[in-house]
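Encoded as structure tokens, the structure appears first; notes follow it.
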Amino acid sequence: MTLIQSLDHLHRLLSHSWSRGGVRPGQLSHSEYEYLRALQRLNGGQLANDGDEDHHGAHLNNLADILGVRKASASAAVAKLEKRGLVDRFPCQYDARAQHVVLTQKAEDALRYEAIVYEDLARKIEKVLSPEETTQLEVLLHRLREKL
């Protein structure tokens, strides 16, 4: 099997695992999950090293940059997340054009439930691979994440 075929197979496996994850409390679409995880990666929505003293959540621009989407797309997605009670958004006190976005407790709870999909898949992989192979896979995936 080529690398392309293997990546395609892995994508289908992850997509299938996600879609058949069953009914989970606070069930998120994969897109919603990606937005919320990006906010979570921004240190729980707090930017610790953004160069200013206003650390009250991620700026919408930062979220768009991290996800590689246009600000308009990020704004539309955040509006939907806000309607679902998953994020709060408010203006930046230092830049009237900027908005801050923070996760709500409902989002944190939903992310915990959604992580189960990946935990289940990781357990399945660990049953197939030896401990050494699992460690090697983790190292290789980490290297790819750092370089891509």
*asked:* Being modelled with pLDDT under 70 and surrounded by 13 or more Cβ atoms within 10 Å (Cβ to Cβ) is the filter here; which residues of the stretch 11-23 pass it?
replied: Gly21
_Lone unmet requirement of (1) part of a loop (DSSP other than H, G, I, E, B); (2) touching a residue at least 24 places away in the same chain (Cβ under 8 Å); (3) under 17 Å from His30 (Cα atoms) for Val69_ = (2)
*Scan the stretch 89-124 residue by residue and report those that are over 13 Å from Glu32 (Cβ atoms) and open to solvent by 80 Å² or more (accessible area, probe 1.4 Å).*
Pro91, Gln93, Tyr94, Ala96, Arg97, Gln105, Arg112, Tyr118, Glu119, Arg123, Lys124
*Consider Gln27 carefully, then state whether it is over 30 Å from Arg123 (Cα atoms), at pLDDT below 90 and open to solvent by less than 90 Å² (accessible area, probe 1.4 Å).*
no
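The values are calculated or read from the model by the stated rules, or taken from the named source; none is laboratory data. Not measured: the values here are computed from a predicted model. Don't worry about glycine lacking a Cβ; one is built from the backbone with ideal geometry, like all the others, and counts go over all protein chains shown. Protein only, heavy atoms only, side chains kept; ligands, DNA and RNA dropped before computing areas. Shrake-Rupley method; radii C 1.70, N 1.55, O 1.52, S 1.80 Å.
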